[in-house]
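All remarks here apply to the structure that follows.
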Amino acid sequence: MPLTLDPNIADADRFYADLLAAQDGLSEAESHAFNARLVLILANHVGDHETLRQALDAAARADDGAGSV
Amino acid sequence: MLDDRYSLAFRLYPYARSTEQDGDAPARHPVVVLGGGPVGIATALDLGLQGVPVVVLDDHEGVGQGSRAICFAKRTLEICDRLGAGAEMLEAGVVWNLGKVFHAERKVFEFNLLPEAGHRFPAFINLQQPHFERLLVERVRAAQAAGAPIEIRGRNRVDAVDVHEDHVLLDVMTPEGPYRIAADWVIGADGAGSPLRKRMGLDFEGRVFKDSFLIADIRMNAEFPTERWFWFEPPFKSSGASCLLHKQPEGIWRVDFQIGWDVDREEELKEENIRARLDAMLGADVDYEIVWSSIYTFQCRRMKRFRHGRVLFAGDAAHQVSPFGARGANSGIQDADNLGWKLGLVVQGKAPERLLDTYCAERCHGADENILNSTRSTDFITPKSAVSHLFRNAVLDLARDHAFARPFVNSGRLSVPCVYDDGPLNGPDALPGGPARTRPGAPCPDAPVGEGYLLGRLDGGFTLLTLDEDGPDQVEADGIVASRLALSAADDPSGALAERYLGEAGAAVYLIRPDQHVAARWAAFDAGAVETALRHACGKE
């Protein structure tokens, strides 16, 4: 199953707010730990190795300076 | 001149003068094994049982103290059983199945190795390495008594090697002075520090891990269960970054503390300092005696090639892994298993020398798999960066409540034999619907057959296994015989035999190598196809 990089969350603003709210009151270290757990939970939900590979690549590319501003 | 580097647990092969020490010219032997450890002795035993004369040289007179390797895997027991020592190993060892994983004070989860039914041997036994070695040497003594041409020479230290195209000259030092011997083939089973490898100036590249581990084998009468307990970030004082508690026979427990890289070894090995760590872990009221202790560091590395002309390397001399997963001694025994029959056929002139290149190809594949697995375990157990530590602890936090995170928890992926997929000796996989686990290259899984087990019915040579299919008593190609073992799915009412060897197929024919790996398989017997595969499995075409 190819990785979806098109909009897929019906109410993007709401999810984004939830994501930030979930980290309210956490120290930076706690927040990092939260995000690490979240990555693992979502990765397991995706499951498919090739899709996860594409996600890792997409995350790496976004940090190469070309389109991250 | 010949000082012991370690003290002996068992003096099994005291020095005895050989008549060769009086000869003018060096005596020539078909095979000389350097090193009387588990890999050297297993290889010598395999060759001797084939009738191939073999001499083992060891610079000590027996087995060293210290338990070192303790976990011996099912495949190792099966190989030892083929060599005639499996039942004794099983009898002497402790069987365990349950493992518990802790993170600080909390239990994260527990696992059961849940051994599959229908195998003669369990997934693992724990047994101190000196006992494992002693049982192998005792088996050599029994084989010698029955005529196997094996000789073990204690206190024979090789001081120089001179490698020629068709033989190797060895300068050997003994308590009574030096002598020389010549060998058609030399096996370097002389351990991780292999003097032979160094003398030949051969590479041994790999990754160094900056960590040290304090091991203590202790005797105590506490009622801990026979389980493997592993702590990440243990809660007891100065226990280091991880800790392992594991049962051995005779009331002995292995405790392993990961204590970091910059440690004062002499200081850490003082009894009072070891006791301080143990008391914190076990509780001050537990009475115990320290039987053996040591500090070790490790690397994951291997030689580029295990064959260098007439010299073959095996075991730790050829490859080293971290201890996580028990892949050291177990993989060495698989080397012996792979090398024994091949060298036997070459020495007897029944197979070309290039068969030995397949030893290198197959066992390098095995070493790579072991190094990959043990490196991954090491990276999980000792995270190398803040981020890897973050993810490691995230996994442990999730694993308590969520099953999905448990497969990520890696305190060692326990040794299983590798499959020689795409191996140079593999023949056709022509059994439609056949199970993946018995594809060409795979080690034969055991299964009940009548009153016994399948692996016990394989006779040490090539086997033509027919399942509900006709065939001749034997197939021969260029003097090499595969003897038929005719079975039926009905021979195993539990259904394991059919599940493991037939799958969806109604009948099957397997060509099985002397080391019990599948060479090829078919849906029906075809003499020409079997002969071709037999020649191919001997490196002939």
Relative counts (whole %) of C-alpha pair distances in chain A, using bins that are 10 Å wide: 16, 38, 42, 3
Based on other C-beta atoms within 10 Å, arrange B:Thr226, B:Thr463, B:Thr43, B:Thr19 from fewest to most. B:Thr19, B:Thr226, B:Thr463, B:Thr43
How large is the dipole of chain B about the Cα centre if only Lys and Arg carry +1 and Asp and Glu carry -1, each at its Cβ, rounded to the nearest 20 debye? 940 debye
I'd like the Karplus ³J(HN,Hα) series for the stretch A:49-57: coefficients 6.51, -1.76, 1.60, θ = phi - 60°, whole numbers in Hz, and an x wherever there's a Gly or Pro. 4, 5, 4, 5, 4, 5, 5, 4, 5
Find out how many positive minus negative residues lie around B:Cys360, taking Lys and Arg as positive, Asp and Glu as negative, among other residues whose Cβ is under 10 Å from that of B:Cys360. +2
Taking just the alpha carbons, could you work out the radius of gyration and Dmax for chain B, both in angstroms? 24.0, 74
Hey, which lysines would be in cross-link range of B:Lys350, C-alpha to C-alpha under 20 Å, not counting anything within fewer than 8 residues on its own chain? B:Lys342, B:Lys540
Taking Cα atoms of the protein assembly as shown, Rg/Rh with Kirkwood Rh, to two decimals? 1.00
Report the net charge of residues surrounding B:Gln348, where surrounding means a beta-carbon distance below 13 angstrom and charges are Lys +1, Arg +1, Asp -1, Glu -1. -1
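Give me the compactness ratio for the stretch B:352-413, meaning the Cα radius of gyration over 2.2 N^0.38 Å.
Values: Rg = 17.3 Å, N = 62, 2.2 N^0.38 = 10.6 Å.
Output field value: 1.64.
Looking at the stretch B:131-273, I'd like the Rg to Rh ratio, where Rg is from alpha-carbon atoms and Rh is Kirkwood's inverse mean 1/r.
1.09
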At a threshold of 8 angstrom on Cα-Cα distance, excluding pairs fewer than six apart, so keeping six or more, what relative contact order does chain B reach in percent? 14 percent
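Once you have a ≥ b ≥ c as the square roots of the Cα gyration tensor eigenvalues for the stretch B:209-282, tell me rounded if a/c is under 1.5, and otherwise prolate or oblate according to whether a/b is larger than b/c.
prolate
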Compute the distance from the alpha-carbon center of the stretch B:128-145 to that of the stretch A:1-52, in whole Å. 58 Å
Along principal axes, Cα extents of the stretch B:237-361, largest first, whole Å: 64, 34, 21
Any idea what the dipole of the protein assembly as shown comes to, in debye rounded to 20, about its Cα centre with Lys/Arg Cβ at +1 and Asp/Glu Cβ at -1? 560 debye
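In whole percent, what relative contact order does the stretch B:429-537 give with Cα contacts below 8 Å and a gap of six or more residues?
Relative CO of the stretch B:429-537 lands at 36 percent.
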In chain B, if the dipole is taken from +1 on Lys/Arg beta carbons and -1 on Asp/Glu beta carbons about the Cα centre, which of B:Met220, B:Ile152, B:Ala405 is farthest to the positive end? B:Ala405
Indicate the gyration tensor shape class of the stretch B:429-537 (rounded, prolate or oblate), computed on the Cα atoms with a ≥ b ≥ c the square roots of the eigenvalues: a/c under 1.5 is rounded; otherwise a/b larger than b/c is prolate and the rest oblate. prolate
Given charges at Cβ of Lys, Arg, Asp, Glu: the stretch B:1-141 dipole, positive-most of B:Leu136, B:Met89, B:Leu57: B:Met89
Given Cβ charges of +1 for Lys and Arg and -1 for Asp and Glu, the option among B:Ser483, B:Ala533, B:Tyr501 whose Cα lies farthest towards the positive end of the dipole of the stretch B:463-541 is B:Ala533
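No lab work stands behind these numbers, since they all come straight from the coordinates. Just so it is clear, the structure is predicted and the values come from calculations on it, not from any experiment. Cβ atoms come from the backbone with ideal geometry, glycine included; neighbour counts cover every protein chain shown.
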